[in-house]
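Below is one structure, written out as structure tokens; comments come after it.
The values are calculated or read from the model by the stated rules, or taken from the named source; none is laboratory data. Since this is a predicted model, take the numbers as computed values, not measurements. Glycine also receives a Cβ, built like all others from the backbone with ideal geometry; neighbour counts cover every protein chain displayed. Quick note on the areas: whole protein, heavy atoms, side chains included, nothing else; ligands and nucleic acids left out. Shrake-Rupley method; radii C 1.70, N 1.55, O 1.52, S 1.80 Å.
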Amino acid sequence: MKHIEKSRRAAERPSRTDRLTGSRPAPKRTVLISGASIAGPALAYWLNRHGFEVTVVEKADSPRDGGYPIDIRGTALEVVRRMGILPRLREAHIDLRRLTFLDADGGRVASLDPHAVTGGVAGQDLEVRRGDLTDALHAAVRDDVEFVFGDRVETLDEGAHGVDVTFRGGDRRTFDMVVGADGLHSRTRAMLFGPEERFHRYLGYCFAGFTLPNTYGLSHETVLWNTPGRAAALYAVGDGDAVHGLLAFARPEPPHEAFRDPRAQRDLVASVFADAGWEVPGMVAAMRDADDLFFDVVSQIRLPRWSSGRVALVGDAAYAPSFLTGQGSSLALVGAYMLAASVARQDHTEGFAAYERGTRAYVTANQDQVGKGDAALFPTTAEALERRDAMLRGLGAAPPAPRGRPAHSALTLPESVPAG
């Protein structure tokens, strides 16, 4: 059911003096953002700071909570600092302390500081529950922009003076610009550039994520079991009664037949792990009963351009890097900042071009990190798995590197409006 959060500013009306004297300020440029996860609220915050009138539409009925923990690293840390939400996120930091790799029989291969694998920087980078980040972003901007939940964009029709938008709920409105922040499977992108298959770079893996009871005694740690082409992970973000489960496997082609059929997803995962050892049979049973199963493929979005006319894309909709990089949320935060800064003082044509010109090299550098994640997490052959395990044992014998990967901080943010 649709509901609207009206901001204080959206509810303001010109005073009687303004009406009599004609002193009402010039109309603000209006922007519609489709998507209220990470990139959308971050972009709304910065556009509002730059003086735009912003509306955010989200198909879910409320801000989404839960979800897997996510990382905030490098340049993205400066974005959240400038937003004023860094202290809140520091308090929510998970502090994962150990990453343990297991062999086919459940024997330990290596136990490491997680930063030795992720390229993060201990004491600086953040790992928080996805819901904690979305809550912080929503709280930072909800009083200043309009949020429309339980609705979505149905059609876009660009004219000389704006974009006419029809919403699924039946409303029709016109905006100066529209931005798709609607994720990997973006409807906005499909309306602009065509089917997802044209830009979808499948990385050869499928995964199923879900929660299950923490009967394993895990705390602030991840345990990862591997055989060639298969992985099972248990991720305990704290000392709670539940853990996150992940079952991932290599597959030459995406299983298109399973995308819209939860039973087919469960059957596919169960068949792949039918003969697996360790704790995997119990994980498969829990996956069968999970009410929060999320099934998808490991993939990236690679677009030749991120805008068309008055409509642009940001975050996963434009340049999803895949969870193998650990940079999806960071790219969303940085991209939102750069897009807002780029359109603040110029029209949409020049602004969108500046956004892409200033951000694409950073995005590409982070998308190209995918090879490093593949080598550590999902070897597909016995030989590759042996090499990976030897590499992990070597890491375990040395302290983690104090510096993050260069790609994480490969962009210096331009100056913007002051945070507050």
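Size descriptors for segment 316-390, from the alpha-carbon set: Rg then Dmax equal 16.8, 55 Å. At the residue level, residue 96 shows approximately 30 square angstrom of accessible surface with a 1.4 angstrom probe and all protein chains present. Note on the chain: with a GNM built from Cα contacts shorter than 10 Å, the maximum mean-square fluctuation among 304, 252, 406 falls on 304. Ligands, DNA and RNA excluded, the heavy atoms of residue 216 present near 60 Å² of accessible surface to a 1.4 Å solvent probe.
Per-residue surface analysis assigns residue 145 an accessible area of about 0 Å², computed on protein heavy atoms at 1.4 Å probe radius.
Rounded to 0.05, the FRET efficiency of the residue 157 and residue 190 pair, given R0 = 22 Å and the Cβ-Cβ distance, is 0.90.
Protein-only accessible surface at a 1.4 angstrom probe places the residues 349, 412, 155, 166 in the order 412, 349, 155, 166, largest first. In order along segment 146-158, the phi-based Karplus estimate (6.51 cos²θ - 1.76 cosθ + 1.60, θ = phi - 60°) of 3J(HN,Hα) comes to 8, 10, 10, 9, x, 8, 7, 6, 9, 9, 10, 9, 7 Hz; Gly and Pro are listed as x.
Here's the picture: a label point sits 7 Å out from the Cα of residue 97 along the beta-carbon direction, and within segment 181-218 the residues with their amide nitrogen under 15 Å of it are 217-218. Take the Cα of residue 384, step 7 Å toward its Cβ, do the same at residue 202, and the gap between the two points is 1.6 nm.
What you get for the chain, charging only the Cβ of Lys and Arg (+1) and of Asp and Glu (-1), is a dipole of about 1300 debye around the Cα centre.
Taking GluC sites (Glu not before Pro) in DSSP loop conformation with at most 11 other Cβ atoms inside 10 Å as exposed sites, the chain has its longest uninterrupted site-free stretch at 13-414.
Counting only DSSP beta bridges with both residues in the chain, the antiparallel share comes to about 70 percent. From the square roots a ≥ b ≥ c of the eigenvalues of the alpha-carbon gyration tensor of segment 172-219, which class results: rounded (a/c under 1.5), prolate (a/b over b/c), or oblate? Judged from the Cα gyration tensor, segment 172-219 comes out oblate (a/c at least 1.5, b/c at or above a/b).
Of the solvent-accessible surface of segment 257-355, computed with a 1.4 Å probe and all protein chains present, 47% belongs to carbon and sulfur. The calculated FRET efficiency for residue 81 paired with residue 274, based on their beta-carbon distance and R0 = 56 Å, is about 0.70. Every pair of different Cα atoms in the chain enters the Kirkwood calculation, which places the hydrodynamic radius at 22.6 Å. For segment 100-201, carbon and sulfur atoms together expose 41% of the accessible surface, with a 1.4 angstrom probe and every protein chain in place.
Mind checking the per residue accessible area of the chain for me, 1.4 Å probe, whole number of Å²? I get 45 Å² per residue for the chain. Phi angles of segment 197-212 translate, via the Karplus equation with coefficients 6.51, -1.76, 1.60 and θ = phi - 60°, into HN-Hα couplings of 4, 5, 10, 8, 9, 6, 9, x, 9, 10, 8, 10, x, 6, 10, 8 Hz per residue; Gly and Pro are given as x.
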